[in-house]
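Worksheet for the structure shown next.
No value in this document is a laboratory result; all are computed from the given coordinates. None of the values given here were measured: they were computed from a predicted structure. Note that we place each Cβ from the backbone using ideal geometry, even for glycine, and neighbour counts take in every protein chain shown.
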Amino acid sequence: MKKTPPLVRLVYVSRNRLSGDAATMEREVANILAVSRRNNVRAGVTGALLFNADCFAQTLEGRRDAVEAVFERIQCDPRHSDTVVLQLEQAVPAFADWSMAYGGRLDDERARFDRLSNDADQATRGAAADSVLALLRSVVSRALPALG
Amino acid sequence: MKTTAVHSHRLCAHCGSERAPGDVLTGLADRAMFADRLAASLSRRRGRSRRRPAAAEQPGGLAVLLIDLDRFKAVNDTLGHAAGDALLRAVAKRLRGALRAEDIAARLGGDEFAVLLAPPTTAESTAAIAERLVEMLSRPYLIDGGVATVGASVGAALCPGGGEVEAELLLRRADMAMYQAKNDGRGRYRLFEPAMQERAEARRKLEADLRAALALGQFELHYQPQINLATHRLTGFEALLRWRHPLRGMVPADSFIALAEELHLLPTIGEWVVRTACTDAIGWPGAPTVAVNVAAQQFQNGWLVPSIAAALQASGLPAARLELEVTESALLHNGSVAIEQLMALKALGVTISLDDFGTGYSSLTQLRSFAFDRVKIDRSFASDPAVARAVAALGASLGMRTTAEGVETAEQLNRLRAEGCTDAQGFLLSRPVPAADVVGVIDRFAIDGGVPGAPIPNFHEKSGTRKRERAA
C-alpha cells in the first residue's frame with residue numbers, strides 16, 4: 001500500500017520583478033492570485049501571499065508532493081526572482097480555509113526580506129520564517145474571509 | 001516547408017530496435033540530436049544567404065548556450081542519485097519553460113545542458129536569456145522533502161545574422177565562454193569574445209611548452225644565499241626554480257608554478273629539483289646547506305621519501321646539508337600523511353623548515369604539529385618588527401631557527417636581527433644566482449663576511465622585479 005505523503009508547510013520569499021505603478025502592480029498580483037487559487041484548489045494546496053515593492057512572501061501548505069509541484073511551477077515564473085526558502089517542514093495547515101489568502105500590499109519594515117540569501121544559516125532562516133508566518137497570519141485575520 | 005527529421009529515429013545501441021530519440025531522463029534532446037539540429041540550422045542559414053547574397057542586414061542570428069550546474073555533485077552526494085535525477089528533470093523543465101517553442105534544449109550528459117536559440121537572436125537577446133537562465137536555475141528545488149540549491153554557469157556564442165560559423169567552432173566558442181564564466185567565479189554567464197580565444201590558445205601553448213620543459217632541459221636552479229645574523233657568515237642557499245624558454249625567455253615562477261600544479265607536474269619537477277640541487281651542492285666549498293621547496297602534491301604519491309633518499313645517495317650529499325621547505329598549506333592539505341613523511345625524512349638526517357610563515361593560517365597547532373628545525377617568516381613581514389619579534393620568540397622557545405625572508409634594506413636587516421631573527425635571506429644580501437656563480441658568491445662572502453650595512457658588491461643590481469621567488 002502506498003503511503004500518503006505527509007502534510008508540509010513551505011515558507012519562502014522572493015524578489016518582486018513586477019514593474020509599473022502601484023495600480024498596475026495590484027492588477028498583476030490580482031491575476032497571479034486568480035491563477036494560483038484555481039491551481040491550488042485543484043492541487044489541494046492552501047496558503048497565503050503578500051507583497052510589497054521589493055518582494056513576495058508566500059506560504060504553501062498541503063501534501064508534500066502537491067506543494068513541491070506548485071512551488072516548482074512558481075519557480076518558472078519570471079515575475080519574481082532570487083527565491084529563498086525559509087522553511088519546509090511537516091505542519092498542520094494554518095491557512096486551511098484559503099486556497100490562497102491575500103495579505104495585500106504591505107510597504108512596511110516588517111516585510112523587508114531582501115537581504116536574505118540562500119546562504120543564510122538555519123537560525124536566520126528559521127527566525128525569518130516565523131516572522132513571515134506571523135505577518136501572514138496577522139494580515140489575513142484582518143482581511144475579509146470572502147476572498148477564499 | 002515541412003522539414004523531415006532524418007535522424008528522428010535512431011537505433012538503440014543495446015537492443016538494436018528503434019527507440020524514441022533524446023535524453024531519456026529529462027525528455028530533452030540528447031547530444032547527438034543537438035548536434036544534428038545545430039548543423040541543420042546553420043546549413044539552412046547558409047542556403048538562404050547564398051540565395052540572397054545582396055542582403056546586407058540578414059536577421060537570422062542564432063546562438064548556442066552551454067550550461068553547467070554548479071555544486072550538482074554535492075546534491076547527488078548528500079541527497080542521493082534519485083534526488084539528483086529529480087533535480088535534473090526539474091532543471092530541464094525550467095529550461096524548457098524559459099525558451100521559445102522553436103529553441104532547442106538538450107542535456108549533453110551528466111549536469112551539462114545546452115540551448116540553441118533559434119533565429120532571430122541577437123547578442124542582446126542572448127545575454128538576456130542567459131542571465132535569466134542563471135537566475136532561474138539557481139532558485140531552490142524541493143525534492144523528496146528537502147531543499148536543494150545548485151548554481152548555473154553559462155557560456156554563450158553567437159552566430160550573427162549574415163555570418164557563417166561552423167557548428168563545431170560555435171560549440172568551442174561557447175565552451176571558452178563557459179570556461180571564462182567558471183573562472184570568473186561561476187553562477188554567471190559570459191558571451192564569447194575573440195579575446196577568450198586568444199587567451200585559450202595562449203594557455204594551451206603554455207601548457208604544451210610546460211609539459212615539454214623538463215624533457216627539453218629548460219628548467220634551471222638559481223640559488224639565493226642565506227646568512228647567519230650572529231656570525232654574518234653564509235650558511236646555505238635556497239634553490240629556486242627557473243624556466244628558460246627559447247622564445248619566452250626567463251618565465252617568472254609566478255606564471256608557471258600554479259599551472260604546473262594544475263597539470264600535476266609538480267611531483268616530477270620536484271624530483272628533478274631535489275636531484276639537481278644535491279648534485280650542484282656537492283661541489284660547493286665550505287659545505288653550505290641547500291634548501292629545496294616541497295610542494296603539496298609531492299606528499300600525495302608516496303614517492304617523496306624514496307626519491308629524496310635516492311637523490312642523496314646518488315649525489316653523495318650528506319643528509320644534514322639538505323633542507324626541505326614546506327608550506328603550511330601543504331601540511332594542511334595532506335594532514336598526517338605529510339607529517340609521517342616529514343618524520344621519515346628527518347630520520348634520514350634531512351632538516352625541515354616551515355616556509356612562508358604568516359601568510360596562511362599561521363596556526364600554533366601547525367607550528368607544533370612537527371618538530372621543525374626552522375621557521376621562515378614570509379617576505380611580506382620584512383618591515384614588520386612586531387611580527388618578526390613574535391615569531392622569533394616563538395621559534396626560540398620551540399628550539400627552531402628563524403629566518404627572515406625578503407630582506408631588501410640594511411635598516412630591515414638590523415631591525416630583524418634586533419628582534420631576534422637568527423638568519424636572513426633577500427636581495428640586500430644577494431639576488432638568486434645561477435648555479436655557475438655560486439662559488440663566486442661563496443668566495444665573496446668569505447672575504448667581506450657579508451657585513452650588512454656594507455652591502456655586498458653586485459647587490460645593487462636593479463631589483464625592479466621583486467616578485468615572489470617560489471620554487472616547486
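The stretch between B:SER43 and B:ALA128, if pulled fully straight at 0.36 nm per residue, gains 28.0 nm over its current Cα-Cα span. Segment B:SER397..B:HIS333, full-extension length gain: 20.4 nm, with 0.36 nm per residue of separation and the alpha-carbon distance subtracted. If I build a Gaussian network model for chain A, linking alpha-carbon pairs within less than 10 angstrom, which residue out of A:ALA101, A:ALA129, A:ALA43 has the largest mean-square fluctuation? Checking each option, the largest mean-square fluctuation is seen for A:ALA43. Fewest-first ordering of B:PHE370, B:PHE427 by other beta carbons within 10 Å of each residue's beta carbon gives B:PHE370, B:PHE427. Would you list B:CYS159, B:CYS421 from fewest to most Cβ contacts within 10 Å? Listing B:CYS159, B:CYS421 from fewest to most nearby Cβ atoms yields B:CYS159, B:CYS421. Summing charges over all other residues whose Cβ lies under 15 Å from the Cβ of B:ALA319, with Lys and Arg as +1 and Asp and Glu as -1, gives +1. Take the Cα of B:ALA82, step 7 Å toward its Cβ, do the same at B:ASN301, and the gap between the two points is 4.2 nm.
Can you give the angle from 0 to 90° between the axis of helix B:31-51 and the longest principal axis of chain B, with both taken from C-alpha atoms, to the nearest 10? Taking Cα atoms only, the helix is inclined about 70 degrees. For B:GLY270, the shell of other residues with beta-carbons less than 12 Å away shows a net charge of -2, using +1 for Lys and Arg and -1 for Asp and Glu. Expressed to the nearest 5 percent, the antiparallel share of DSSP beta bridges inside chain B is 60 percent. The alpha carbon gyration tensor of region A:7-147 gives principal lengths a ≥ b ≥ c with a/c below 1.5, which makes the shape rounded. Between the helical axis of B:266-281 and the longest alpha-carbon principal axis of chain B there is an angle of about 20 degrees. Looking at region B:202-309, which chymotrypsin sites (Phe, Trp or Tyr not before Pro) are in a loop (DSSP not H, G, I, E or B) and have at most 16 other Cβ atoms within 10 Å? Qualifying residues, ordered by number: B:TRP303. For chain B, excluding the exposed loop sites themselves (GluC sites (Glu not before Pro), DSSP loop, at most 13 other Cβ atoms within 10 Å), the longest remaining stretch covers B:167-460.
Among the listed pairs B:LYS182/B:LYS346; B:LYS73/B:LYS93; B:LYS182/B:LYS376; B:LYS182/B:LYS205, those with a Cα-Cα distance over 30 Å are B:LYS182/B:LYS346; B:LYS182/B:LYS376.
Taking every residue in A:65-77 and counting other chain Cβ atoms within 10 Å of its Cβ, the average works out to 4. Quick check: from the Cα gyration tensor, does the protein assembly as shown come out rounded (a/c under 1.5), prolate or oblate? The shape class here is prolate. Could you work out how far helix B:167-183 tilts from the main Cα principal axis of chain B, as a 0 to 90 degree angle to the nearest 10? So the helix axis and the longest Cα principal axis differ by about 50 degrees. The distance from the alpha carbon centre of region B:249-308 to that of region A:40-70 is 61 Å, rounded to a whole number. Indicate the gyration tensor shape class of chain B (rounded, prolate or oblate), computed on the Cα atoms with a ≥ b ≥ c the square roots of the eigenvalues: a/c under 1.5 is rounded; otherwise a/b larger than b/c is prolate and the rest oblate. Prolate, since a/c reaches 1.5 and a/b exceeds b/c. Taking a sphere under 13 Å around the Cβ of B:LEU345 and counting the other residues whose Cβ falls inside, with K and R at +1 and D and E at -1, yields a net charge of -3.
A viscosity of 1.306 mPa s and a temperature of 10 °C, combined with the Kirkwood radius over C-alpha pairs in the Stokes-Einstein formula, give region A:1-52 a diffusion coefficient of 118 µm²/s.
Counting neighbouring Cβ atoms within 10 Å and putting the fewest first, the residues A:ARG125, B:ARG204, A:ARG79 line up as B:ARG204, A:ARG79, A:ARG125. A Förster distance of 25 Å, applied to the separation of the beta-carbon atoms of B:ALA215 and B:SER362, puts the FRET efficiency at 0.05. If R0 is 56 Å, the Cβ-Cβ spacing of A:GLU28 and B:ALA230 corresponds to a FRET efficiency of close to 0.10.
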